[in-house]
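The values are calculated or read from the model by the stated rules, or taken from the named source; none is laboratory data. Not measured: the values here are computed from a predicted model. Positions of Cβ are backbone-derived with ideal geometry, glycine not excepted, and every protein chain shown enters the neighbour counts.
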Amino acid sequence: MKKINLLLSISILIFLVSCKEQKEQQAVESNSTVEPVVKVERKEPKKRSYHLETAKDWLAKNGTDSAQANIVYAINRTDAANFKKMDSVIIADDWNGDLEFYMPFPLEIYAIREINKIVYFSYPTQTFAAYEKGQLIYTGPTNMGREKDKTPTGLFFTNWKAEETVSTFDDEWELRWNFNIANKLGVGWHQYSLPGYPASHSCLRLQENDAKKLYEFAEQWELSDPETVKVKGTPVIVFGDYDFKAPKPWMQLLKNPKALDISENEIETITKPFVASILKEQKIRQDFKNTNNQSK
């Protein structure tokens, strides 16, 4: 009987300690200013390797497979219309993965978990990535500014947007899903032809589906009056340099499938000088939203 009572007492003690630890953990989590990263399930290909084919031959064999087409367009930094005009193109040996595994950005970045939303554009790899609390949400190809009209680099914030507008460089160029990031310079991302290399007049060209996703993902600025910005939009970091005299960077994938990979440490280093400014503007936006909600 004594042995039974002893075992019962030990069980109760273990239960109480466990409950206490659980409550303490919940208290820590409730006091934390950082929300946990939402894990996104993605399918990884069994291998990453590439080979060359002619676009004509590939289309003849696989042209009706939209899933494969989306990946091959992204790998070659192009779109359906321009892909047909290409000669040799890079083809993945294993197509059984999600697009994210064929693009260079990391799936998670712990260092930016406090940033609600942010968009990156990589000049060297001609790709973009959108993150929410450190979790990759969208990624894909881009064609940025040509050599004589380079896209400016650094930190920007999204400003105004328009489903359809015309270019400030040429009013015959129609731009869809346009989101401005540098108002006075007239720079923004939008849907436009992707020839497979930096070709724009400093803007960030995207496939239409990607342009629409980023259009919906990012937030516009809030103005006190036409000349005064009250709340800035979503942070955007454009980084790196493109070697216009070298072969297309993604040709390196043929020898080394990881040649263009962007590490978490690299993104952390690129972002670090801007973190204070980003979090400051993020708080201003959150306070603005809270005030508006209270007034309703």
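Details
- Applying a threshold of 6 Å to beta carbon distances and a minimum spacing of six or more residues, or different chains, the list of pairs starting in segment 215-233 at a residue that is touching a residue at least 24 places away in the same chain (Cβ under 8 Å) and in a loop (DSSP other than H, G, I, E, B) and ending at one that is surrounded by 16 or more Cβ atoms within 10 Å (Cβ to Cβ) and of a type in the set (Lys, Arg) reads Gln220/Lys161; Trp221/Lys232.
- Residue among Ser122, Ser49 that alone is hydroxyl-bearing (Ser, Thr, Tyr) and within 29 Å of Cys203 (Cβ to Cβ): Ser122
- The set of residues in segment 238-271 that are in contact (Cβ under 8 Å) with a residue 40 or more places away in the chain, exposed (fewer than 12 other Cβ atoms within 10 Å of the Cβ) and not acidic (Asp, Glu) comprises Phe244, Lys258.
- Some residue of segment 242-256 being among the hydroxyl-bearing types (Ser, Thr, Tyr) and more than 30 Å from Ile90 (Cα to Cα): no
- In summary, Ile115 fulfils each of the numbered conditions (1) in contact with a strand residue (DSSP E or B) (Cβ under 6 Å, 6 or more places away or on another chain); (2) crowded, with 20+ Cβ neighbours inside 10 Å with the single exception of condition (1).
- Condition met for Lys148 (of a type outside the set (A, V, I, L, M, F, W, C) and farther than 23 Å from Lys232 by Cα): yes
- Pairs linking a residue in segment 108-120 that is in contact (Cβ under 8 Å) with a residue 12 or more places away in the chain and more than 13 Å from Glu268 (Cα to Cα) to a residue that is part of a strand (DSSP E or B) and acidic (Asp, Glu), with Cβ atoms under 7 Å and 6 or more positions apart or on different chains, are Asn116/Glu132; Lys117/Glu132.
- Filter pass, Leu206 being touching a His at 6+ places or on another chain (Cβ under 8 Å), crowded, with 22+ Cβ neighbours inside 10 Å and farther than 17 Å from Ile270 by Cα: yes
- Phe239 vs. criteria aromatic (Phe, Trp, Tyr), in contact with a Pro (Cβ under 8 Å, 6 or more places away or on another chain) and closer than 24 Å to Trp160 by Cα: no
- The sole residue among Glu132, Glu100 that is touching a strand residue (DSSP E or B) at 6+ places or on another chain (Cβ under 8 Å), of a type in the set (D, E, K, R), under 23 Å from Pro257 (Cβ atoms) and modelled with pLDDT of 95 or more is Glu100.
- The listed residue being of a type in the set (D, E, K, R) and closer than 18 Å to Phe179 by Cα, out of Lys272, Lys280, Lys213: Lys213
- Residue check, Ile181 under 30 Å from Asn256 (Cα atoms) and surrounded by 22 or more Cβ atoms within 10 Å (Cβ to Cβ): no
- Test: residue in segment 41-64 that is surrounded by 17 or more Cβ atoms within 10 Å (Cβ to Cβ), part of a strand (DSSP E or B), aliphatic (A, V, I, L, M) and in contact with a helix residue (DSSP H, G or I) (Cβ under 9 Å, 6 or more places away or on another chain): no
- Scanning segment 139-177 for residues that are touching a Ser or Thr at 6+ places or on another chain (Cβ under 6 Å) and at pLDDT below 95 turns up Trp173, Leu175.
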